[in-house]
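Okay, so here's the structure we're looking at.
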Amino acid sequence: MRSRILIASCLVFSMGSVASQVNAQEICRTAGFWGTHAGVEKSGSTNISEEVIRAWLSTVNSYDQTATDKCTYAMDGSVSCNFEPPGQAGSPKACRDAKKNDITLLNNFPIGYEGIDICGQIVSVHPNDTDQVPPVLEALCVSPGGNSKLQLGRQLTAAALNCLVSGGGSDCTGTSIEPVFASCNSTCAVSGQEDQVNTCIEKLDCFNNGGAWNEDDPQAMYCQMDVAESCHDKQLIGTVMSDSGEPEDPGLPPQ
């Protein structure tokens, strides 16, 4: 797979405002990676999933200049994140607990929080108290149990996180997966369409694993994994921006 460069106009504030560009390569990791790197249970681990969502939220709400352990808010409205090395998986117990819960994107999912829109629900970083399993883990560590839409929601959540760290926002603006993500996220939010759901799972899983979906032959579509310069091989170092693909004007905090 050739590298795809995401180009987005932004403003750089120095002596004055001058036009510049933010370039980012596509970065991807599997749903399993995002699920097990969403906590700090082990020494040296980083809650990568939550930090990426918080970084994106700080570009959407420019007054909330959130700086996390691995992400830094910039004056142009973007957030630079460096998760190398990613460290140990930090949420294995929380991930196991999430699988035991009767909470999914389609059942008893927490509402009223800011986060990414998946299957018509908002996947956020944590519910009312930090002792509860955060919604992002409920989405990523779900046990589908034969429900293909739960698996689709899991792959969509991972794809959105990949898009965030690649600079494409939570809707994957400007990335290779943008049209697939939009179509599959809409499919997940409505009833039925089992055939489309299964195809979506295959395509999103292919992207999240760093493959390329081969559609040259409509009768033999498949995921090609032996691709050059896979997004799965890219370091977890990216620039997070708002969904428009452009940094927000940081402006001034509300008085």
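Annotation: the residues SER78, SER45, SER183, sorted from fewest to most other C-beta atoms within 10 Å of their own C-beta, follow the order SER183, SER45, SER78.
Taken one residue at a time, the phi angles of segment 209-215 give Karplus couplings (6.51, -1.76, 1.60, θ = phi - 60°) of 8, x, x, 10, 7, 8, 10 Hz. Gly and Pro are set to x.
In order along segment 102-111, the Karplus-derived 3J(HN,Hα) couplings, from 6.51 cos²θ - 1.76 cosθ + 1.60 at θ = phi - 60°, round to 9, 10, 9, 4, 10, 7, 6, 6, x, 10 Hz, and Gly and Pro are given as x.
Could you work out the local net charge near THR72, counting Lys and Arg as +1, Asp and Glu as -1, over the other residues with Cβ closer than 13 Å to its Cβ? It would help to have the intermediate numbers written out before the result.
Working: positive: ARG54, LYS70; negative: GLU51, ASP69, ASP76.
That works out to -1.
Output the pairs from LYS99/LYS203; LYS99/LYS149; LYS149/LYS203 with a Cα-Cα distance over 20 Å in this structure; if there are none, say none.
Values: LYS99/LYS203 24 Å; LYS99/LYS149 15 Å; LYS149/LYS203 14 Å.
As for pairs spanning more than 20 Å Cα to Cα, those are LYS99/LYS203.
With the Cα gyration tensor of segment 95-197 giving a ≥ b ≥ c as the square roots of its eigenvalues, does the rule (a/c under 1.5 for rounded; else a/b larger than b/c for prolate; else oblate) give rounded, prolate or oblate? Could the numbers behind the result be given before it?
Numbers: a/c = 1.93, a/b = 1.24, b/c = 1.56.
It comes out oblate by the Cα gyration axes.
For segment 188-203, backbone phi angles converted through the Karplus equation (6.51, -1.76, 1.60; θ = phi - 60°) give residue-by-residue couplings of 5, 7, 10, 7, x, 6, 4, 4, 5, 4, 5, 5, 4, 4, 5, 5 Hz, Gly and Pro being listed as x. Would segment 5-240 count as rounded, prolate or oblate if I go by the C-alpha gyration tensor, calling it rounded below 1.5 in a/c and otherwise prolate when a/b exceeds b/c, oblate otherwise? In terms of gyration-tensor shape, oblate.
Normalised by the residues of segment 5-240, what does the relative contact order come to in percent, with Cα pairs under 8 Å and at least six apart? Working shown, then result.
Values: 470 pairs, mean separation 56.1, N = 236.
Contact order relative to length: 24 percent.
In terms of surrounding Cβ atoms within a 10 Å radius of their Cβ, GLU50, GLU138 rank from fewest to most as GLU50, GLU138.
By its C-alpha gyration tensor, with a ≥ b ≥ c as the square roots of the eigenvalues, how is segment 199-242 shaped: rounded for a/c under 1.5, else prolate for a/b larger than b/c, else oblate?
Details: a/c = 2.94, a/b = 1.84, b/c = 1.59.
The shape class here is prolate.
Bear in mind these aren't lab numbers, they're just calculated from the coordinates by the rules spelled out. Here the structure is a predicted model, which is why all the values come from computation and not from measurement. Positions of Cβ are backbone-derived with ideal geometry, glycine not excepted, and every protein chain shown enters the neighbour counts.
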